[in-house]
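Here is the structure we will look at.
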Amino acid sequence: MSSTFQLLVNGQSHRVTVDYDDTPLLYVLRDDLRLKGVRFGCGAGQCGACTVLIDGRAERSCELPVWSVEGRPITTIEGLATAGRMHPLQRAIIDGQAGQCGFCLSGIIMKAAELIERDHQPSREKLAAALDENLCRCGAHARILNAIERAWKEDSAGGGK
Amino acid sequence: MSEPVRLPWSLRDNPILRQWVDFSVPGTARVFTAKVELGQGILTALAQIAADELRLPIERIAVVSGDTRHSPNESYTAGSMSIEIGGSSLRLACAEARELMIEAAARRLKADKARLSVAGGSILLDGRQSDLDYWKLAPEIDMNRAVSGTATLTDPKDATYLGRSTARFDLPAKVAGGAFVHDLEFPGMLHARVLRPPSANMHLTAIDLSAAERRPGVVKVWRSGDFAAVCCEREYQAVKAIEALRASASWTHDDRLLIAGNWKDWLTTRLAVDSQSETGRRSPVEGDVIRRKAIYSKPPIAHASLGPSCAVACFNDGALSVWTHSQGVFPLREALAKALSVDPRRIEVIHAQGAGCYGHNGADDVAMDAALLAMQVPTRHVRVQWMREDEFAWAPIGSPMAVAIEGAVGPDGKLLEWSSEIWSGPHGRRPNLFGVELLAAAQLERPIAFPVVHEDMNRFAGAARNSEPPYDLPYRKIVLHSLPNLPFRTSALRTLGGYANVFAVESFIDELADAAGIDPVEFRLLNLSDPRARETIEAAARISGWDRRAPRGTGRASGIGFARYKTTAAYVAAVARVDANERVRVERVDCAVDAGLAVNPDGVINQIEGGIIQSISWTLIEQAAFGPGGIAARNWEEYPILRFEQAPEIQVELIQRPDLPSLGVGEAAQGPVAAAVANAVARALDCRIRDLPITRERIVSTLARPD
Ligand code: FES
Ligand code: FES
């Protein structure tokens with residue numbers, strides 16, 4: 001009953017074989033492609049820890065069957081950096097020391113990355129609304145919002161990526 | 001040399017110098033700690049301490065943490081004591097190592113010690129580089145000597161790192177890829193899932209192991225008593241196989257409803273073991289005395305770690321290795337040894353980071369699961385990860401509590417007397433404290449049952465933590481009704497009883513202030529002589545722009561809460577501003593903190609901010625809901641927590657005291673913030689909510705029937 005799919009992840013093509021057709025993308029990314037920045041939080045689309053970009057849109061990899069993303073470009077936190085340089089959002093989180101345990105962070109960064117692509121000057125309210133379905137149990141919310149907001153301001157002040 | 005000091009207990013238990021620091025790696029000082037990174041930034045703070053005492057750049061400090069093979073046995077990373085105890089122990093050891101190096105250099109160079117100093121690990125003679133450094137001198141140092149604790153500590157004024165904000169080492173990996181125990185991989189590692197009963201009082205009557213065995217990738221299906229599990233080549237195979245196993249299982253019936261009404265009634269009518277403390281004397285007072293009485297409650301709260309618990313274990317040639325996010329690698333080793341009948345010297349327990357745990361969550365239990373299964377498939381690494389519902393249903397929860405207080409205020413606004421009663425289940429039931437306390441051990445064919453535990457009135461015990469008001473009181477009596485037989489498993493959740501006690505004490509202080517017609521900030525200051533406490537409260541009032549004449553009952557208001565966590569850790573005063581017109585929303589929190597010498601100020605502020613938001617979540621939203629058979633809320637929809645749109649603006653002012661000992665902050669904000677929010681709601685609505693959480697429904701029913 002195994003099936004094989006062609007995945008395009010972080011710019012690279014991979015052939016993966018799964019035993020079950022409903023295998024969520026999460027397990028393939030973590031266990032077959034060893035992209036461990038994709039985190040399992042709930043497996044039910046409720047926490048956002050597993051967020052990745054599919055065609056530039058933030059999606060929850062714990063709920064997406066792998067067959068549904070065949071051939072579509074997938075980006076994980078590991079693929080955000082370009083030419084060895086961190087993405088401005090990764091930089092922002094570190095510069096703002098915006099996290100505690102950090103388990104939520106890769107999902108939050110991916111969700112914010114979707115927003116930053118579409119809206120270069122989102123208000124704090126829009127940012128909070130975009131992240132509202134991403135849970136953080138450590139209570140790093142205020143820091144995360146501050147850090148991302150600051151990065152955006154610096155980015156639009158002429159820094160570029 | 002300074003006077004001999006009384007050694008912190010970590011150092012008393014682990015007196016040997018090489019238990020703390022070692023120079024066997026050229027160019028690097030390795031320092032050892034059993035304290036582990038829980039997202040609180042402890043490893044960075046410990047490195048700061050070591051770097052200053054050893055006069056090394058922080059990049060040359062390697063912190064070896066939570067590893068039974070190398071670390072000193074410092075028991076648990078808990079109680080906000082890592083800096084107070086673990087940090088001061090490491091500091092004394094590193095300072096002593098530096099002085100021993102200087103003595104050795106003095107012998108070699110035949111120079112007076114006073115002419116020598118250290119920079120970057122090199123010995124300077126009259127300020128000029130000699131050809132000696134730590135690593136050359138190391139063979140001459142007796143690392144097996146006991147740390148005397150007499151070395152001169154670096155003055156924070158001359159320090160490079162102490163008291164200065166330092167970026168955490170652990171964050172970069174966490175925004176780039178794998179960083180957690182969940183992400184470990186070993187060649188040939190198996191993935192396991194565990195089948196747990198639908199509720200704690202149900203037992204397995206029949207199961208068809210072949211239902212899982214037929215599935216792809218299944219290597220082992222194993223059952224003992226009420227415990228069953230699958231080990232598979234790949235992770236999703238295990239997820240599917242355990243579903244098949246679950247479908248084949250039959251259980252005894254259990255539809256007991258543990259609790260139907262409110263926690264207050266439920267707790268205060270249970271069988272209890274009582275203890276009490278009484279101080280001072282009641283004395284007669286002239287004039288009008290105001291007396292009040294009130295009872296408060298808090299429901300059980302889940303740790304609700306964002307990542308479900310996970311562990312990896314391997315059993316090879318009679319020796320067991322376990323990778324875990326437990327808060328105590330040494331106690332876990334002892335508990336595993338007893339539960340598995342393996343010599344503890346044949347077990348190594350190695351910490352790897354997990355999602356924030358906030359206390360005793362499923363970390364130790366899943367490590368036991370992994371160890372147990374590893375012993376069924378020797379030589380293979382077995383990774384067990386709980387599913388989300390396992391974490392909600394099976395991790396211990398923070399005990400529900402009720403607190404009744406009676407107090408009196410004299411005509412001058414001074415507190416006269418205070419008596420309180422506390423009802424609570426146990427809080428400190430970590431592995432190897434009272435017994436094995438590992439979930440799977442209690443479920444096996446030959447089970448090791450959870451011990452029946454009650455607590456005593458003791459300020460470091462769980463339920464009574466922070467039950468003593470910090471105020472000047474001529475008379476005080478506190479009775480603890482410890483409830484040993486709760487029909488669910490409670491254990492340490494951040495602050496233990498401190499959250500409920502501070503919520504109750506500080507709510508009641510506001511009630512007394514109101515009754516006396518005195519502003520709550522003024523009332524606290526009038527009854528508080530500890531100057532650091534006063535300064536903390538004054539700072540919070542100042543930065544929040546506290547308004548003594550603010551009207552009541554307008555739907556929006558500010559409230560204050562104060563505590564010194566455990567009466568020995570950091571001082572925190574918080575002012576919360578709420579809008580209670582619809583669902584209560586905390587708009588802003590201003591918070592002042594005195595943590596003595598804050599080793600990493602930004603780290604302290606980060607901890608306080610997190611504590612503030614988590615406390616708001618507990619206070620406004622959270623309760624572990626029970627249904628027939630036990631815990632009913634098993635996912636994030638049934639157990640919601642505070643979200644980004646509900647997060648308040650936060651301002652934290654740190655009162656830095658470089659000359660005073662560092663005080664723990666990890667749990668210091670929860671209680672004061674709960675009280676600040678409750679007091680703000682009471683002022684906003686002119687109606688006191690005494691039962692948590694402060695939901696819309698609770699407000700509506702209280703407004704309809706104020707008690
Ligand atoms: S793990 Fe996918 S949303 Fe929680
Ligand atoms: S930092 Fe721990 S869950 Fe967000």
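In percent, rounded to a whole number, the relative contact order of chain B is 14, using alpha-carbon pairs under 8 Å and six or more apart. Taking +1 at the Cβ of each Lys and Arg and -1 at the Cβ of each Asp and Glu, which of A:Pro122, A:Leu135, A:Leu89 sits farthest along the dipole of the range A:88-156 towards its positive end, judged by Cα position relative to the Cα centre? Value computed over the given set: A:Leu135. Summary value for the range B:9-158: 29 percent relative contact order, contacts being C-alpha pairs under 8 angstrom separated by 6+ residues. Relative contact order of the range A:88-156: 51 percent, from C-alpha pairs under 8 Å at least 6 residues apart in sequence. Taking trypsin sites (Lys or Arg not before Pro) across the range B:43-83, the ones in a DSSP loop with at most 12 further Cβ atoms lying within 10 angstrom of their Cβ are B:Arg69.
Only helices at least 30 Å long along their own axis, judged from Cα atoms, and with Kyte-Doolittle mean hydropathy of 0.0 or greater: name those in chain B from DSSP H.
B:88-109
Applied to the range B:635-652, the Karplus parametrisation 6.51 cos²θ - 1.76 cosθ + 1.60 on θ = phi - 60° returns per-residue 3J(HN,Hα) values of 8, 6, 6, 7, 10, x, 10, 4, 10, 4, 5, 9, 6, x, 6, 10, 10, 10 Hz, with x for Gly and Pro. The Cα trace of the range A:3-79 gives Rg and Dmax of 10.9, 29 Å, the first to one decimal, the second as a whole number. Accessible surface ranking for B:Lys240, A:Lys126, 1.4 angstrom probe, highest first: A:Lys126, B:Lys240. Give me the distance between the Cα centres of the range B:471-541 and the range B:647-707, rounded to whole Å. Between the Cα centre of the range B:471-541 and that of the range B:647-707, the gap is 11 Å.
Dimensions of the range B:479-617 from C-alpha coordinates, computed as largest minus smallest value along each principal axis and given longest first, are 47, 37, 32 Å. Three principal axis extents of the range B:624-707 based on alpha-carbon atoms, in descending order, are 54, 35, 26 Å. Solvent exposure of B:Trp251, expressed as accessible area, is near 50 Å², computed with a probe of 1.4 Å over the protein chains only. Over the range B:191-315, the alpha carbon radius of gyration divided by the compact-protein estimate 2.2 N^0.38 Å works out to 1.83. If you take the Cα Rg of the range B:81-121 and divide it by 2.2 N^0.38 Å, with N the number of residues, what do you get? Working it through for the range B:81-121, the quotient is 1.46.
From the alpha carbon centroid of the range B:544-583 to that of the range B:317-393 is 42 Å. Ignoring aspartates and glutamates fewer than eight residues from B:Lys174 along the same chain, the ones with Cα atoms less than 12 angstrom from its Cα are A:Glu78, B:Asp183.
Leaving ligands, DNA and RNA out of it, report the carbon-plus-sulfur percent of the accessible area of the protein assembly as shown at a 1.4 Å probe. So the carbon and sulfur contribution to the accessible surface is 49 percent.
Taken over the Cα atoms of chain B, the convex hull encloses 163 Å³ per residue.
For the protein assembly as shown, a/c is less than 1.5, where a ≥ b ≥ c are the root eigenvalues of the C-alpha gyration tensor. That puts it in the rounded class. For trypsin sites (Lys or Arg not before Pro), no site in the range A:53-103 is both called loop by DSSP and has at most 15 other Cβ atoms within 10 Å. For the range B:563-657, the set of trypsin sites (Lys or Arg not before Pro) satisfying both a DSSP loop assignment and a count of at most 15 other C-beta atoms within 10 Å is given as B:Arg583.
Could you report the buried accessible area between B and A, both sides summed, computed with a 1.4 Å probe and given in Å² to the nearest 100? That pair of chains buries around 5000 Å² in total.
Across the alpha-carbon set of the range B:263-364, the Rg to Rh ratio works out to 1.27, Rh being the Kirkwood radius. Rounded to the nearest 500, the 222 nm mean residue ellipticity of chain A from helices alone is -8500 deg cm²/dmol, with -39,500 (n - 2.57) taken per DSSP H run of at least 4 residues.
The values are calculated or read from the model by the stated rules, or taken from the named source; none is laboratory data. Just so it is clear, the model here is predicted, and its values are computed rather than measured. Cβ: placed from backbone, ideal geometry, glycine included. Neighbour counts: every protein chain shown. Surface accessibility is based on the protein's heavy atoms, side chains included, excluding ligands, DNA and RNA. Shrake-Rupley method; radii C 1.70, N 1.55, O 1.52, S 1.80 Å.
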